[in-house]
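Heads up, the thing below is written out as structure tokens.
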Amino acid sequence: MVAGRAPERIRSEAAWAASRRCLVSCIGRSSQTAPCRVRGAAVTAAPALRAAGCRTPLDPRRLAWRHMMRGTRPSAGGGDRGFLLEARSDMDFALPDNRVLGWAEYGDPAGVPVVYLHGTPGSRLSRPDDTALVDVRLITVDRPGYGRSTPVRRPTLFGVADAVGALMASLGIERFGVVGFSGGAPYAVACGARFPQRLTGVVAAGFTGPYRELQTVRGRQRLQAWTIRNIPGLGRSYVTRAAAWYAEDPLKQHRELLATGQDTWLQPSGESNLEGARQGAAGLVGDWLATDIRPWGFHLRDVPCRVLVWAGRHDPGRAVADAPLIAARMPDAEVRIGEDAAHTPSPAHWREMLTWVRGG
């Protein structure tokens, strides 16, 4: 493997100012390079170089981004590592059963690898606040039926966990953290049950726990849930009708949530929601089947790795009430409550969670 050339350094205030101006116009853009295609265990071009530990050359924009996020200035003596400013958001991975897994990569290519599992609905374009990604190599995926990922007839939590494990193995990453937000949290916990020895930790943020195990659904709701789960075909029919709005107007729910103003840290994310509905409502239907209709395939006690259960104090759902119930059933779990948040974490909360999951 040929080593990268010596990195360039920013040595003047003028260069720093120019780089910062460039940064303002570039943050949030996708890479202009051709999408990376991955087949089987082979990773092409730049991903293969990064998987092998090679660093991409620096340019002023990358250093400007890194230092602005940290509130520091570049040193005259150098010593900065490369930072990938442009996101790589349109990549495909061929799973062993020939399905396609859409994935993306953000943050520092030399950082600690962390997989982020988006909420429901969503896509690989969803991610924590960019200011939280210092020293983090963030890898996001589309769950089946969302974005670029092939739908499956019988979606399961372990099915997504297995896809995540296969992708990370193809990238040559042996250990990594997993963060799941909202509807992505059950899948993150499933990774902890499936391959705990590979994980530095699991964060489940805005996590509504398994109501059957926690026994949090009672009375008429419990009877309704039992009926939907146990009458053949009724569960799929029910969630398909309930999810129809997503295919017709993917931004409807997001607009309504933004309009209420109750979720303090919720940010506009139209691009992610539109991408998630690329295949209609298939992803949303699959999520509801996997998390609410079908058995999870494991118990909370089957997650031996370290787990952080995060919830915003003003979350309108069950996340706050469920958090201690979930943690009490896990061998190594802790609860943190964001006092200034509702469902969505603030940038400061994201930084805290990503630091924790990296082992910091």
Exercise for the section: Considering only segment 336-348, state which residues are surrounded by fewer than 19 Cβ atoms within 10 Å (Cβ to Cβ), touching a residue at least 60 places away in the same chain (Cβ under 8 Å) and in a loop (DSSP other than H, G, I, E, B). Expected result: Asp340, Ser346
Practice task
Take Thr131 and decide whether it is outside any helix (DSSP H, G or I), in contact with a Pro (Cβ under 7 Å, 6 or more places away or on another chain), hydroxyl-bearing (Ser, Thr, Tyr) and surrounded by fewer than 24 Cβ atoms within 10 Å (Cβ to Cβ).
Solution key: no
Exercise for the section: Among residues belonging to segment 278-335 that are touching a residue at least 40 places away in the same chain (Cβ under 8 Å), part of a helix (DSSP H, G or I) and β-branched (Val, Ile, Thr), point out the one that is surrounded by the fewest Cβ atoms within 10 Å (Cβ to Cβ). Expected result: Ile293
Completion exercise
Note: among Leu274, Leu308, Leu251, just one is more than 22 Å from Ser123 (Cβ to Cβ) and among the aliphatic types (A, V, I, L, M), namely Leu308
Handout entry: Residues of segment 219-260 that turn out to be in contact (Cβ under 8 Å) with a residue 40 or more places away in the chain, closer than 19 Å to Arg153 by Cβ and outside any helix (DSSP H, G or I), as a count
Key = 1
Exercise for the section: Only residues that are in a loop (DSSP other than H, G, I, E, B) and among the hydrophobic types (A, V, I, L, M, F, W, C): list them for segment 261-277, please. Expected result: Trp265, Leu266, Ala277
Exercise for the section: Could you check, for segment 151-165, whether at least one of its residues is among the acidic types (Asp, Glu), surrounded by fewer than 24 Cβ atoms within 10 Å (Cβ to Cβ), out of contact with any strand residue (DSSP E or B) (no Cβ under 6 Å at 6 or more places or on another chain) and not in a loop (DSSP other than H, G, I, E, B)? Expected result: yes
Exercise for the section: Taking Arg351 as the residue in question, decide whether it is in contact with a helix residue (DSSP H, G or I) (Cβ under 9 Å, 6 or more places away or on another chain), buried (at least 19 other Cβ atoms within 10 Å of the Cβ) and either among the charged types (D, E, K, R) or outside any helix (DSSP H, G or I) (or both). Expected result: yes
Practice task
Inspect all residues belonging to segment 178-195 and state whether any of them is under 24 Å from the mean Cα position of the chain (by Cα), surrounded by fewer than 22 Cβ atoms within 10 Å (Cβ to Cβ), more than 28 Å from Arg278 (Cβ to Cβ) and without any contact (Cβ under 8 Å) to a residue 60 or more places away in the chain.
Solution key: yes
Problem - Candidate set from segment 107-126 (those that are part of a strand (DSSP E or B) and under 11 Å from the mean Cα position of the chain (by Cα)); member that is farthest from Ile173 (Cα to Cα) - result: Leu117
Exercise for the section: Would you mind telling me which numbered condition in (1) under 18 Å from Trp288 (Cα atoms); (2) in contact with a Pro (Cβ under 9 Å, 6 or more places away or on another chain); (3) assigned to a helix (DSSP H, G or I); (4) not polar (S, T, N, Q) Gly145 fails? Expected result: (3)
Exercise for the section: Answer with yes or no whether Thr208 is buried (at least 18 other Cβ atoms within 10 Å of the Cβ) and in contact with a strand residue (DSSP E or B) (Cβ under 6 Å, 6 or more places away or on another chain). Expected result: no
Practice task
Being of a type in the set (A, V, I, L, M, F, W, C) and loosely packed, with under 12 Cβ neighbours inside 10 Å is the filter; apply it to segment 220-268 and report the residue that is modelled with the lowest pLDDT.
Solution key: Leu223
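The values are calculated or read from the model by the stated rules, or taken from the named source; none is laboratory data. If you're wondering where the values come from, they're calculated on a predicted model, not measured in any experiment. Every residue, glycine as well, gets a Cβ built from its backbone with ideal geometry; the counts of neighbours run over all protein chains shown.
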